[in-house]
Amino acid sequence: MSEALVRPLKVLGTRTYLWTAVTVLLLALPFYLDRFWLQAGLFAMAAALGAIGINLLTGATGQLSMGHAFFLAVGAYGYCVFAADGDDGLTGLGLPTWLAAVLAVGVAGIAGGLFSPISGRLSGAYLGIATLALVFIGQHVMFNAHDLTGGANGRDVPPLNLFGLTFDDRELLVAAVPFGSAEKLWYAGLLALLAGALFARGVLRGRPGRAMNAIRDHRIAAGVIGVPVARYRAAVFVLSSMYAGLAGVLLALVFQRTVPDYFGITLSLEYLAMIVIGGLGSVSGAVAGAVFVSLLPQLLTRYSDALPLVSAPGTGGIAPGEASRYLYGAAVVLVVLFLPGGLARVAARRRTRTLTEER
């Protein structure tokens with residue numbers, strides 16, 4: 001076999017071993033990590049799903065959206081309404097929880113579809129301002145539609161039940177290790193993230209992805225060569241909304257209670273920071289940016305006693321959440337100035353350099 005064929009096979013073998021090791025590690029973590037780290041990982045998975053969705057919209061198609069938090073709220077509260085039995089005095093349809101999750105994602109997509117005529121005609125800052133209005137509308141509904149949302153106090157989230165397994169805090173012994181809700185949800189979150197990432201990767205690498213990139217780079221030229229611009233932009237907005245709805249369902253299951261304050265403009269800005277830091281138009285970049293932005297406040301909270309200038313909430317000084325916003329705000333500035341392609345572009349450059357050196 002020629003040397004030109006051996007080298008790519010070696011690279012492929014190295015990647016296979018690496019991904020196998022990562023997979024085994026992720027599957028084994030619930031057996032060794034405590035609840036804090038598992039919940040932090042679940043928050044990162046939910047954030048990654050939402051970031052993949054907004055990256056399809058903003059990174060791949062060039063549509064600025066500042067209303068992503070609204071669609072996460074639709075998914076979270078939609079799941080509660082479909083799955084709850086109404087015993088707490090709030091509206092609940094009592095559907096099977098797996099069906100409630102599917103319907104919640106569908107309702108988020110429908111909400112995106114209702115907005116898609118606007119998204120198909122607006123672009124840039126105009127679309128950003130229009131989507132920003134969704135957050136304020138959503139906040140008003142969440143605080144005032146008490147029968148649906150529970151008002152300012154929120155509402156409890158029914159645990160997911162799938163194939164007879166209930167994802168609640170009742171302990172289930174697996175290899176002598178007690179599995180609570182976090183351990184059980186870990187695998188559901190991994191499966192959802194894997195499916196979402198593979199689907200988005202297939203979209204971006206196929207004909208739809210090329211059309212989306214053409215719309216992003218030059219909308220008029222894309223229309224001239226036959227790309228139905230308005231239809232594609234509307235469809236991507238719906239798909240992005242469904243990703244956000246799925247992320248909202250997972251967040252609700254992890255939090256076990258939904259509250260309106262979480263789904264505000266700050267959350268939408270965090271998602272924009274995720275895709276800028278990770279890399280626009282890249283699935284792996286969206287995941288990397290989501291992990292960075294979502295884990296940072298968790299780590300600062302965990303180690304606030306050992307970090308300078310950072311203190312526990314309510315004790316004076318800079319709170320962990322505030323400090324995390326300063327840090328990933330600075331990260332956005334640094335990425336824009338020095339790494340325009342984000343973390344994904346750095347990884348791509350390293351792979352290219354490795355292949356060049358081996359040749």
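Derivation of every value follows stated rules applied to the coordinates shown; laboratory data play no part. These numbers were taken from a predicted model, which means no experiment stands behind them. Here Cβ is always computed from backbone atoms with ideal geometry, including for glycine, and neighbour counts include all displayed protein chains.
Side notes on the structure shown:
- Modelled FRET efficiency - R0 25 Å, Leu172 with Phe36, Cβ distances, 0.05 increments: 0.80
- Summarising the overall dimensions of the chain from its C-alpha atoms, the Rg and Dmax are 21.3, 72 angstrom.
- In plain terms, the chain from Ile225 to Leu191 could stretch by 8.4 nm, reckoned as 0.36 nm per residue minus the Cα-Cα distance.
- Between the alpha-carbon centres of region 67-123 and region 241-272 there is a gap of 11 Å.
- Note on Leu162 and Trp19: the extension gain reaches 48.7 nm, defined as 0.36 nm multiplied by sequence separation minus the Cα-Cα distance.
- Protection proxy ranking, peptides 277-284, 332-339, average beta carbon neighbours within 10 Å, highest first: 277-284, 332-339
- Distance between the modelled labels on Asp85 and Val141, one decimal in nanometres: 2.8 nm (7 Å Cα→Cβ projection).
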